[in-house]
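Reviewing the structure listed below.
Just so it is clear, none of the values below were taken in a lab; they were calculated from the coordinates. Please read all numbers here as calculations on a predicted model, not as lab measurements. Because the Cβ atoms are built from the backbone with ideal geometry, glycine has one as well, and the counts that use them run over all protein chains shown.
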Amino acid sequence: MKGEIMEGNNKSNSIDEYILQFPHEVQEKLKTIRKVIKDAVPEAEEKISYQMPTFALHGNLVHFAAYKKHIGFYPTSSGIVAFEHELSDYKSSKGAVQFPLEKPIPYELVSEIVKFRAAENKKKADGKLKKK
């Protein structure tokens, strides 16, 4: 699902810096996605990974990125599989989904997927702790 990243230099050091390189209407969608993720999993850590805004909790939860015609959302393959039916209206691949810029972004669904990924990562982390 490679797409052309919008005009930014793509060497952002923070999510704020990443968002600021896009046109205003795209910035608003990116800010809302960020807020939805923060609200869903307040303890998640923000970072830039793979040159994309990333949220992590016991490992990466989700990434997102702006492209010329869509916002890419990357909840790993398990996030895509678990919400396959809900994501059926969108172009998707093994670990990514594309939300077209000209359509409303399903923020409630993004929140559900992020919560699912957080629970999945916590379960994995708990399993690793028990083995020690």
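General remarks:
- Mean separation of Cα contacts under 8 Å (6+ apart) over length of the chain, as relative contact order %: 23 percent
- With each label modelled as a point 7 angstrom along the Cα→C-beta vector, the Glu84-Tyr50 pair spans 2.0 nm.
- Sites Glu102 and Lys128 - FRET efficiency at Förster radius 41 Å, r taken between beta-carbons, to 0.05: 0.45
- Only DSSP H runs of four or more residues enter the estimate; each adds -39500 (n - 2.57), and after division by the residues of the chain the mean residue ellipticity at 222 nm equals -13500 deg cm²/dmol.
- Lys/Arg +1, Asp/Glu -1 at C-beta; the stretch 77-132 dipole; positive extreme among Gly79, Gly95, Ala118: Ala118
- Charge dipole magnitude, Cβ of K and R +1, D and E -1 - the chain, Cα centre, debye nearest 20: 700 debye
- Of the peptides 118-128, 33-43, the ranking by mean beta-carbon count within 10 Å, highest at the top, reads 33-43, 118-128.
- For chymotrypsin sites (Phe, Trp or Tyr not before Pro), the sites in the stretch 48-88 that DSSP calls loop and that have at most 10 other Cβ atoms within 10 Å are Tyr50.
- The orientation-averaged projection of the convex hull spanning the C-alpha atoms of the stretch 15-131 amounts to 7.2 square nanometres.
- Evaluating 6.51 cos²θ - 1.76 cosθ + 1.60 at θ = phi - 60° for every residue in the stretch 46-58, the Karplus couplings come out as 8, 7, 9, 9, 6, 6, 10, x, 9, 10, 10, 7, 6 Hz, glycine and proline recorded as x.
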